[in-house]
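Undergrad: Sharing a structure here in C-alpha cells format.
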Amino acid sequence: MSRSGYCDDLDNWSLICWRGAVSSAIKGKRGQAFLIELREALDAMPEKRLIADELEADGQFCALGVLGARRGIDMSGIDPNCRETVAAAFDIAPALAAEIVFENDEYPGSYQRQDDGSMKWGRETPEHRWRRMRDWVESSIQAAMP
C-alpha cells in the first residue's frame, strides 16, 4: 500500500463515498484555505523541487512538507504513512491529506519525445514533481464567486 493509504480493493460504493469525501475536503472552506496557503508555500520555495515518500528528507520536502516547514511544524514525529496523523498535524481532513500525498507520490514518470521523434520512458524528476503539484494545487483552487 502507498503512503496515501489508497488501495485497489475497494468496492464500488466505498470508492464512491471516498471520492465524495475527497471532493468535499477540496471544495470546503478549510480545504480551499489550505490549498491557497500550499500554493504560496510552493511559490516561495527557492529551489522548485519536491521529493516523494517522506514529508522531509535531507532538507527537501514533499508538497505537504513544504507547508509544514513554512509553518514551523516539527515533522520528525509525524508518521508520513498515517493519513490521520498527517491530517491532524496540518489541520485538514484525512481525505485531503491522502489525496495530496497520492498526487505527490504516485506519478511514476511519462513518455518523453526524443530529438529523433521516438518516445522514451523517463522517471519523474523532483523539478517535474514540483511543476505537476503546483499545477494540481492551482487547478484545485476554486475561483471566488462574485
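Undergrad: Select from the range 20-33 the residues that are more than 17 Å from Ala143 (Cβ to Cβ), surrounded by 13 or more Cβ atoms within 10 Å (Cβ to Cβ) and not aliphatic (A, V, I, L, M) and list them in ascending order. Write out each step before concluding.
TA: Start the filter on the range 20-33 by keeping residues that are more than 17 Å from Ala143 (Cβ to Cβ), which leaves 20-22, 24-25, 30.
After this cut, where a residue has to be surrounded by 13 or more Cβ atoms within 10 Å (Cβ to Cβ) as well, the list is 21-22, 24-25.
Result: Ser24, single match.
Undergrad: Here is a check on your reading of the model: is Ala143 assigned to a loop (DSSP other than H, G, I, E, B), free of Cβ contacts under 8 Å to residues at least 40 places away in the same chain and aliphatic (A, V, I, L, M)?
TA: Numbers: assigned to a loop (DSSP other than H, G, I, E, B): yes; free of Cβ contacts under 8 Å to residues at least 40 places away in the same chain: yes; aliphatic (A, V, I, L, M): yes.
Here the answer is yes, as Ala143 does meet what is asked.
Undergrad: If you scan the range 45-55, which residues turn out to be surrounded by 15 or more Cβ atoms within 10 Å (Cβ to Cβ) and out of contact with any Asp or Glu (no Cβ under 7 Å at 6 or more places or on another chain)?
TA: Scanning the range 45-55 gives Met45, Leu50, Ile51, Glu54, Leu55.
Undergrad: Within the range 14-47, track down each residue that is farther than 19 Å from Phe90 by Cα and either at pLDDT below 85 or in contact with a Leu (Cβ under 8 Å, 6 or more places away or on another chain) (or both). Full working, then the answer.
TA: Here is the first cut: in the range 14-47, the residues farther than 19 Å from Phe90 by Cα are 14-20, 46-47.
Across the range 14-47, the qualifying residues are Ser14, Leu15, Ile16, Trp18.
Undergrad: Which residues, taken from the range 56-81, are in contact (Cβ under 8 Å) with a residue 60 or more places away in the chain and either over 24 Å from Glu124 (Cβ atoms) or buried (at least 17 other Cβ atoms within 10 Å of the Cβ) (or both)? Before you say what the answer is, go through the steps one by one.
TA: So the first thing to find is which residues in the range 56-81 are in contact (Cβ under 8 Å) with a residue 60 or more places away in the chain, and the list is 60, 63, 80-81.
Correct list: Ala63, Pro80.
Undergrad: Scan Gly65, Gly72 and give me the residue that is small (Gly, Ala, Ser) and over 26 Å from Ser23 (Cβ atoms).
TA: Numbers: Gly65 fails: over 26 Å from Ser23 (Cβ atoms).
None of the others qualify; the one that does is Gly72.
Undergrad: Kindly provide the set of residues from the range 93-146 that are touching a Leu at 6+ places or on another chain (Cβ under 8 Å), within 12 Å of Ala52 (Cβ to Cβ) and of a type in the set (D, E, K, R), ordered by number.
TA: Of everything in the range 93-146, just one residue is touching a Leu at 6+ places or on another chain (Cβ under 8 Å), within 12 Å of Ala52 (Cβ to Cβ) and of a type in the set (D, E, K, R), namely Arg129.
Undergrad: Follow-up. Looking at Ile51 and the list (1) in a helix (DSSP H, G or I); (2) aliphatic (A, V, I, L, M); (3) touching a Cys at 6+ places or on another chain (Cβ under 7 Å), which single condition is not satisfied?
TA: (1)
Undergrad: Being buried (at least 20 other Cβ atoms within 10 Å of the Cβ), more than 11 Å from the chain's Cα centre (by Cα) and among the aliphatic types (A, V, I, L, M): is that true of Ile100 here? Before the answer, list the steps.
TA: Details: buried (at least 20 other Cβ atoms within 10 Å of the Cβ): yes; more than 11 Å from the chain's Cα centre (by Cα): no; among the aliphatic types (A, V, I, L, M): yes.
Judged against the criteria, Ile100 is not a match.
Undergrad: Something else about it: Does the range 9-19 contain any residue that is under 13 Å from the mean Cα position of the chain (by Cα), part of a helix (DSSP H, G or I) and small (Gly, Ala, Ser)? First the steps, then the outcome.
TA: Residues of the range 9-19 that are under 13 Å from the mean Cα position of the chain (by Cα), as a first pass: none.
No.
The values are calculated or read from the model by the stated rules, or taken from the named source; none is laboratory data. Since we're looking at a predicted model, the values are computed, not measured. We place every Cβ from the backbone using ideal geometry, glycine too, and count neighbours over all the protein chains shown.
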